[in-house]
Amino acid sequence: MKKVITYGTYDLLHSGHINLLRRAKELGDYLIVGLSTDEFNAVKEKKAYHSYEDRKMILEAIRYVDEVIPEQNWEQKVQDVIEHEIDIFVMGDDWEGHFDFLKEYCDVVYLPRTAGISTTKIKQDLLQSRNG
Ligand code: C2G
């Protein structure tokens, strides 16, 4: 069984997230998502709209996702890859090069981001529409 892992905040789920998860799953048989906790989001200077529990429940409902684990810090990836016997690490290419240190432990794949959509854009568009 080929195991894949990816990480993220996955707040205000949108087509870019789903495109990433679908392509990540297509690379193997089992997809784990390391979901950023609310505390780690603060480290990433992100404030998610949905709580970790809600974002986890939403991800677990997606057909491409087999397991969700908490992402609590920048340092856990090597341990996660070893413990979960991961074959492929996947991220969107906005992270190109940032996780190449994992090549010692598994394949590292950066997939093209989906253009024109982001959680930040959703928040900005909603703010503008409210302000007229
Ligand atoms: N993504 C994408 N296309 C978009 C938006 C996001 O492919 N239009 C991808 C990102 O590249 C990432 C995943 O969807 O692989 C999740 O995006 P975020 O929730 O924004 O993740 P991020 O905050 O970048 O967290 O340790 C890694 C970090 O936790 C990554």
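Determine if the range 13-23 includes at least one residue that is touching an Asp or Glu at 6+ places or on another chain (Cβ under 8 Å) and either within 9 Å of the ligand (Cβ to nearest atom) or at pLDDT 95 or above (or both).
No: zero hits.
List pairs: first residue in the range 103-116 and over 11 Å from F89 (Cα atoms), second residue assigned to a loop (DSSP other than H, G, I, E, B) and within 15 Å of the ligand (Cβ to nearest atom) anywhere in the structure, Cβ distance under 9 angstrom, at least six positions apart or on different chains.
Matching pairs, first to second residue: T114/H14.
The values are calculated or read from the model by the stated rules, or taken from the named source; none is laboratory data. Computed from a prediction, not measured in an experiment: that's the story for all the values here. Cβ coordinates were reconstructed from backbone atoms using ideal geometry, including for glycine residues, and neighbour counts include every protein chain displayed.
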